Every structure is written in structure tokens, then in C-alpha cells.
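The values are calculated or read from the model by the stated rules, or taken from the named source; none is laboratory data. Predicted, not measured: the structure shown is a model, and the values here were computed from it. Cβ atoms come from the backbone with ideal geometry, glycine included; neighbour counts cover every protein chain shown. Keep in mind that these areas ignore ligands, DNA and RNA; they rest on the heavy atoms of the full protein, side chains included. Shrake-Rupley method; radii C 1.70, N 1.55, O 1.52, S 1.80 Å.
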Amino acid sequence: MSKDYNSVMARKGEILRRSLGINFADFEQEYISFDYEAMMAAVGLTFDEITAIQRNVGVGETPMWEMHNITALARKHAKAGFGARIFIKDEAANPSGSFKDRRAATAVHVAKKLGFKGVAAATSGNYGAAVASQAAKAGLKCIIVQETYDSRKIGQPEILEKTRKCEAFGAEVIQMTVGPELFYKYLAVLEETGFFAASLYSPFGIVGVETLGVEIANQIRKITDKDPDVVVTTHAGGGNITGTARGLLRENCKPQMVAASVNLKGLHMASDGHFNRKSFTTGHTGFGIPFATNPDRSDMPRSAARPLRYMDRYVTVSQGEVFYMTQLLAQLEGLERGPAGNTSLAAAFAIAQTLTQGDIIVVQETEYTGAGKHINSQLSFARQNGIEICFGNPKDEIAGQNIILPSCPSLISPKDVGMDYIRRSYIRNALAKLPQGEMLTQNDVEFLAQEVNVTTENILAMVENNDIM
């Protein structure tokens with residue numbers, strides 16, 4: 001078989017069917033719609049079984065910490081009677097140091113059960129380390145395909161740190177330069193090795209995150225005797241908020257779900273020149289917005305991460321605000337955690353000031369830190385790439401030009417991304433898949449309503465009025 005880009009990408013569906021044991025064609029319904037819940041059920045495991053799988057490999061049951069000092073600081077800058085209690089779900093306590101262990105544990109378990117000799121994943125983030133860690137426990141081989149360098153072969157310290165961690169767990173890491181070839185190489189590896197596709201976006205990965213939502217509901221109820229009012233998740237590809245929200249709903253817990261991304265407006269994620277001018281490789285708008293408005297752009301024919309089904313609010317924070325909160329977490333609460341995971345903390349700090357002191361806000365996860373992920377490494381690398389580092393008002397930050405650390409905590413101020421804009425963008429992308437001359441079916445209309453969490457009447461009105469721009 002031909003190994004060129006177009007030929008391999010044309011075989012994507014068949015490669016993934018063999019590498020997952022799931023035939024995505026079984027769930028297709030009309031031009032746009034598919035049976036999402038049937039696809040999730042194809043995992044073939046009950047929630048209790050997934051929980052047991054994770055516990056057997058040391059994943060989950062991570063601590064929930066109340067941030068007394070950060071809450072006090074938030075109240076200092078809030079009006080009288082305001083400043084919600086801030087809690088952090090400390091996912092850095094998982095074996096590889098992030099919530100991604102929950103996704104990897106399920107995928108690797110299934111791979112072993114089905115008789116695969118190894119697993120593979122395409123990621124430059126924490127997920128690679130999680131898959132490598134779980135593969136080591138299961139005695140499986142592991143290959144991680146990682147976008148690491150620009151064309152000068154200069155790698156970001158955060159990504160190189162994750163390379164080190166993957167290799168420490170015994171994985172083979174295939175490092176690539178930035179560009180559109182990552183998923184192509186991943187598919188080629190799956191085809192050549194016959195390994196299991198331990199994708200971030202498969203149903204196996206997303207159902208694993210549901211345990212996180214269940215734990216949040218039960219821990220907050222035990223500590224406070226009430227449900228959380230707001231849960232803030234760092235948002236990139238959408239699996240984080242999707243799995244967490246589904247888990248919360250299992251416990252009949254319905255807080256406001258807030259997605260938070262680092263604002264990297266103006267930087268293109270596949271640009272060689274922009275690659276090293278950003279200080280965050282995940283949890284940013286370069287993934288957060290495209291994957292919210294077109295989730296099936298992933299390496300799966302149908303992504304199991306469907307963030308708009310569960311997202312009530314979407315905010316962005318600046319790189320400087322996240323770095324500032326990372327240092328604040330260390331110096332006020334004695335928790336040194338990786339910057340990317342503190343995206344949601346930066347948002348929560350400001351949102352807490354708009355809530356009453358009786359309210360509960362949960363920062364959904366933390367991640368480990370290390371030599372390359374540390375704030376000092378990130379800021380030093382930014383300076384080396386011509387980025388100005390200064391104190392001031394983060395609203396003046398321009399991604400790729402400067403990083404502005406807040407001169408006062410009161411300047412931390414998340415910016416809302418209009419949910420109507422995001423929903424319309426999703427619908428516009430979905431309608432582009434309609435064959436010319438065809439109309440939406442009833443199944444398609446109902447599917448779109450579920451996808452963007454509005455009524456079918458809303459969908460019909462937007463389409464009939466051409467109100468999707």
C-alpha cells in the first residue's frame with residue numbers, strides 16, 4: 001500500500017477500525033448526525049468497571065484541597081460579602097502527574113484485553129506520559145508521536161520535558177517538526193505496528209474522565225454538604241469538560257460548567273514561525289476554539305469530546321495571568337504545579353469574586369511540574385525568542401510579542417468568548433458537510449440542538465434566517 005500522505009489519510013477509517021475495534025460507520029445516521037451515546041456505549045464497560053480499572057493501577061481518588069489563602073486574597077479584592085470558596089482537585093497526584101491518567105488507564109486496559117502488543121498516541125502533552133505510564137504497568141509497548149520542534153530543530157522546554165517523561169516510562173518517542181503531518185505519522189505508525197490507537201478523542205479516553213466528575217461531586221458534598229456552584233476546566237480539545245460534566249451528571253450534580261483557555265489570538269498553531277512564540281502547548285485558544293466549533297477535526301472519525309454539549313460559559317485568560325497564578329499557588333498554598341493546569345485557576349480566582357462567600361467554585365484539575373514545565377523555564381525560553389516579559393495590565397498582552405504579569409491581583413480579569421458566536425460557528429461548520437442541494441433532516445436538527453445545547457426551534461430559526469455567521 002502507498003505510504004504517501006494522501007493515501008494514508010484516505011485509509012484513516014479502516015486503520016482506526018482495526019486499531020480500536022470500533023466501526024464508527026455503525027453510528028452514522030444522516031448527513032450530519034450520528035448516535036453519540038451509542039458510540040460511547042461501544043466502550044463495553046460499565047462505570048463501576050472503569051472505576052475499578054483505574055483504582056487497580058493507582059489512578060483517581062485524588063485529593064480535593066480548599067484554597068484558604070487564595071480565597072482570602074480573592075475576597076480582599078471583591079465587594080463585601082463576595083468571594084466564593086475556591087477548591088482545587090489535585091490531579092497531579094495521579095501516577096504520571098495529570099488527569100490524563102484517567103483517559104489512558106481505560107484505553108490501555110482495553111488494548112491489553114483485546115490482545116494488542118502495544119499502544120500508540122499522537123500528543124505533545126501530558127497524555128503521552130500517561131499512556132506511557134499505563135503501558136509500562138500493563139507490560140505493553142508504547143509509541144508516542146510528538147510535535148516537538150520548529151524548522152530550526154529548537155524544541156519548547158515543556159514539550160522536551162514531556163519527551164523525557166515518556167522515555168522514562170519506556171516509550172519510544174517519534175519527534176516531529178510543526179506542521180500538518182502529525183496525524184499522518186500517527187496513522188502510519190498504527191498501520192505499520194498494529195498497535196492500539198490510544199487516542200485522546202476516542203470513547204475509551206473520554207469515559208475515563210467521567211470518574212473525575214463523580215469524585216468532584218462526592219468530595220465537595222462531603223466537605224461542604226452542598227453541590228459546587230461552578231466548576232472551571234482548562235479547555236483544549238474538549239475531552240476535559242466533556243468527561244467531567246458527564247461524571248457530574250451521573251451524580252445529578254449540575255454546576256455551571258466554565259471552560260477556560262489561554263488567549264493566543266494571532267498565533268497559528270501549525271505555523272513554524274509562531275511555534276516557539278507561545279508559552280503554552282495546550283489549554284489555549286488555538287485548540288479550544290477550533291475543537292469546540294469542529295470537534296471532528298481530531299484523529300478520530302467522530303470525536304468523543306463534544307464540549308458544546310456541556311459548556312455553559314467560555315472564558316480566556318492571558319499567559320501572564322496564568323504564570324502569575326502559578327506562582328501565587330506555590331507561595332500562598334505551598335502547591336507547585338505546572339502552569340498549563342493553572343489556566344482554570346486564573347479564571348476561577350476572578351470568577352470567585354463575582355460569587356457570594358457561600359458559593360463553591362472548583363478548579364477541576366492540576367498537573368505536575370518539572371524542569372521544562374516550570375515557570376522559570378517557560379519565561380526564560382520566551383525571552384530567548386524575543387518575547388518581552390514585564391509587569392503591568394494583562395489586558396495589554398499581545399500573544400507572541402509580550403507576556404504581562406499582573407502588577408496587582410485585581411487586574412486578573414477573564415474575557416468571555418460569546419457562546420452564541422461559538423454555537424453559530426459550530427452550526428456553520430456542520431452545515432458545510434451537507435451535500436449540495438440537500439436539506440437538514442429531523443435527525444440532523446435534533447443532533448445539532450444536542451451538540452450546541454439549544455432547542456430544535458433555535459436551530460431551525462438560525463438556519464431559516466441564515467443567522468449562523
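Results, tabulated for the structure shown:
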quantity: Count of the stretch 427-457 residues which are touching a residue at least 24 places away in the same chain (Cβ under 8 Å) and outside any helix (DSSP H, G or I); calculated: 8
quantity: Members of the stretch 169-218 found to be free of Cβ contacts under 8 Å to residues at least 60 places away in the same chain, touching a Ser or Thr at 6+ places or on another chain (Cβ under 6 Å) and open to solvent by 40 Å² or more (accessible area, probe 1.4 Å), listed by number; calculated: Q175
quantity: Selected residue (criterion: least open to solvent (accessible area, probe 1.4 Å)) from residues of the stretch 152-168 that are of a type in the set (A, V, I, L, M) and part of a helix (DSSP H, G or I); calculated: I159
quantity: Any hit, the stretch 311-321, residues being modelled with pLDDT of 95 or more, open to solvent by 10 Å² or more (accessible area, probe 1.4 Å) and hydrophobic (A, V, I, L, M, F, W, C); calculated: no
quantity: Which numbered condition D416 fails, given (1) open to solvent by less than 60 Å² (accessible area, probe 1.4 Å); (2) closer than 27 Å to D296 by Cα; (3) of a type outside the set (V, I, T); (4) at pLDDT 90 or above; calculated: (1)
quantity: Unmet requirement for G386, which otherwise passes all of (1) on the phi > 0 side of the Ramachandran plot; (2) open to solvent by less than 50 Å² (accessible area, probe 1.4 Å); calculated: (2)
quantity: Whichever residue in the stretch 29-41 is open to solvent by less than 40 Å² (accessible area, probe 1.4 Å) and either aliphatic (A, V, I, L, M) or outside any loop (DSSP other than H, G, I, E, B) (or both) and, among such residues, is farthest from P295 (Cα to Cα); calculated: A38
quantity: Elements of type strands (runs of 3 or more DSSP E) in the stretch 60-149, at least 1 residues being among the charged types (D, E, K, R) and farther than 29 Å from K222 by Cα; calculated: 141-149
quantity: Checking R55 against (1) charged (D, E, K, R); (2) surrounded by 15 or more Cβ atoms within 10 Å (Cβ to Cβ); (3) within 19 Å of K112 (Cα to Cα), the condition it does not meet; calculated: (2)
quantity: Subset tally (residues that are of a type in the set (S, T, Y), within 15 Å of the chain's Cα centre (by Cα) and under 22 Å from N94 (Cα atoms)) for the stretch 316-373; calculated: 3
quantity: Subset of the stretch 365-403 (residues that are of a type in the set (G, A, S) and either part of a loop (DSSP other than H, G, I, E, B) or under 30 Å from G243 (Cβ atoms) (or both)); calculated: G370, A371, G372, S377, G386, A399, G400
quantity: Subset of the stretch 42-52 (residues that are on the phi < 0 side of the Ramachandran plot and open to solvent by less than 70 Å² (accessible area, probe 1.4 Å)); calculated: A42, V43, L45, F47, I50, T51, A52
quantity: Any pair with Cβ under 7 angstrom, 6 or more apart, that starts in the stretch 337-366 at a residue that is under 22 Å from I404 (Cβ atoms) and ends at one that is assigned to a loop (DSSP other than H, G, I, E, B) and open to solvent by 30 Å² or more (accessible area, probe 1.4 Å); calculated: R337/T369; G338/T369; A340/T282; A350/S413; Q353/H77
